[in-house]
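In what follows, a single structure is set out as structure tokens and then discussed.
Values quoted throughout were computed directly from the atomic coordinates according to the rules given, and no laboratory measurement underlies them. Here the structure is a predicted model, which means the values were calculated and not measured. Note: ideal-geometry Cβ built from the backbone for every residue, glycine included; neighbour counts use all protein chains shown.
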Amino acid sequence: MKCRKCGRGAVIELRRHNAAFCEPDFVEFFRNQVREAIRKHRMFTPEEAVLVAVSGGKDSLALWEVLIEEGYQTTGLYLDLGIFDYSIESKARCEKFATAHGVPLIVTAVAEEVGAPVPIIKTVTRRPPCSGCGLSKRYLMNRVALERGFPVVATGHNLDDEAATLFGSVMHWQTDALPRQSPALAATHPKLVRRVKPLYRLSERETAAYAFLRRIDYIVEECPFAAGATSIAHKEILSRMEEASPGAKHNFLFGFLDRARAAFERVEAVALQECARCGQVTTGTVCAFCKLADQVKRAT
Amino acid sequence: MKVILRNPKREVQVAGGRRVKDVLRELEIIPETVLVIRGDTLVTADQMVTDDDTIELRPVMSGGSVSGRAQPQPATGEASGEMIGDGRAQPQPAAGEASGEMIGDGRAQPQPAAGEASGEMIGDAS
């Protein structure tokens, strides 16, 4: 198989693009997709400080590397979830990356903020571990960005993540979730920072290939709690569709973003207020994070 | 030839002298779900592998689950709306339970720069 740009031997075939690339041309293709995402959704400018949420996995470290290479001002944020060896190893990957690239890394421990690590939160709440974990991560990303003066948080969500989320929302007709799905969420309140997903145009396989080819030392093993998650099942279904019909995931997500999402936008905006306890933004009186912390405190 | 699989890491022996896609087919692995690594580079599905080769089939999916008989079944019982790591989907509150108000609820969506088509793929995927 030959590279469609230079004709040399290809290292990766992208069936959805009916293309194959050699290593240098794939790297350029990848970065072009990130540039296009940032430009199209006006995610951030070179003058802005970007907080990059990193997990030690392929997506977030690939994102961080591209943004550094593109000359953006980045700081990493690693949220230590306290999930046994997985967290120890993923944190080490992030620290190693930050040191090698000479970029700052902020480490915040969920256990210190919530009162217990994710495995204990799971037991206390009797909810799936991803529930309290995701809530804590979204809250802490925003709060850390606000406290440290970052106007924007970038996450490593890729096309597969976004397509799987969309699939889940459609399967349950979560019409309130559909308009929130976007490559860029604006800061609609003084205490909400912008949230952007510069990898949303790139598939999981493409981010993995980029991380591998760029010799990024990422954690291949995934979180032990992820096994059996519904989103994994959705990704498997979508991968089978993609196999039968290259471009299916891309068309599903981009068709939604371009043509369907606007139809789900609410006429009346949800009233946002500040949590009576912590001052962060919520739709209620006390935010879900504070309620979770209370629940953990009572039980431990 | 030797094939290294991940999550959990293990090895299997299969016949070489054929294309990568034939090896994947035998192992019932969807090509889209793995990187095929030989040495320090990636190989495409049409490339030949020999009996002396060692290739790693590295899952690309967060969660590491690869469909196929070479994979153990994921544990059940922890089904949830949200993934750990990079795939942060929205949590799905259990029925009848008060939903946690999330940061980011009710945000208006920024519009992409005007006048642009989007979602176009490079190349002719026809």
| Can you name every residue in region A:198-232 that is of a type in the set (A, V, I, L, M, F, W, C) and within 8 Å of chain B (Cβ to nearest Cβ)? | A:Ala208, A:Ala209, A:Phe212, A:Leu213, A:Val220, A:Cys223, A:Phe225, A:Ala226, A:Ala227, A:Ala229, A:Ile232
| Is it fair to say A:Arg195 is at the interface with another protein chain (Cβ under 7 Å from one of its Cβ atoms), within 24 Å of A:Arg143 (Cα to Cα) and not in a helix (DSSP H, G or I)? | yes
| Residue list for region A:263-300, filter: in a helix (DSSP H, G or I) and either without any contact (Cβ under 8 Å) to a residue 24 or more places away in the chain or more than 25 Å from the chain's Cα centre (by Cα) (or both) | A:Ala263, A:Cys290, A:Lys291, A:Asp294, A:Gln295, A:Val296, A:Lys297, A:Arg298, A:Ala299
| query | Scanning for something more than 16 Å from the chain's Cα centre (by Cα) and under 30 Å from A:Ala271 (Cβ atoms), does region A:221-228 turn up at least one residue? | reply | no
| said: When the residues of region A:21-35 are narrowed to those that are loosely packed, with under 15 Cβ neighbours inside 10 Å and under 24 Å from A:His157 (Cβ atoms), which ends up nearest to the other protein chains (Cβ to nearest Cβ)? | reply: A:Asn32
| Members of region B:39-64 that are under 16 Å from B:Ala15 (Cα atoms), without any contact (Cβ under 8 Å) to a residue 40 or more places away in the chain and part of a strand (DSSP E or B) | B:Met48
| message | Among the residues in region A:150-160, are any more than 25 Å from A:Asp25 (Cα to Cα), in a loop (DSSP other than H, G, I, E, B) and at the interface with another protein chain (Cβ under 8 Å from one of its Cβ atoms)? | response | no
| query | Of all residues in region A:1-20 being more than 26 Å from the chain's Cα centre (by Cα), part of a strand (DSSP E or B) and crowded, with 19+ Cβ neighbours inside 10 Å, which is farthest from the other protein chains (Cβ to nearest Cβ)? | reply | A:Ala20
| field | Filter result for the condition that a residue is in a loop (DSSP other than H, G, I, E, B), among the hydrophobic types (A, V, I, L, M, F, W, C), touching a residue at least 24 places away in the same chain (Cβ under 8 Å) and surrounded by 15 or more Cβ atoms within 10 Å (Cβ to Cβ), over A:Ala116, A:Ala111 | value | A:Ala116
| Within region A:65-96, can you find the residues that are in a helix (DSSP H, G or I) and closer than 21 Å to A:Pro46 by Cα? | A:Glu65, A:Val66, A:Leu67, A:Ile68, A:Glu69
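Run down A:Ala62, A:Ala53, A:Ala37 and say which single residue is part of a strand (DSSP E or B) and touching a Lys or Arg at 6+ places or on another chain (Cβ under 8 Å).
A:Ala53
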| Quick one: which of A:Val281, A:Val286, A:Val270, A:Val296 is crowded, with 21+ Cβ neighbours inside 10 Å and among the hydrophobic types (A, V, I, L, M, F, W, C)? | A:Val281
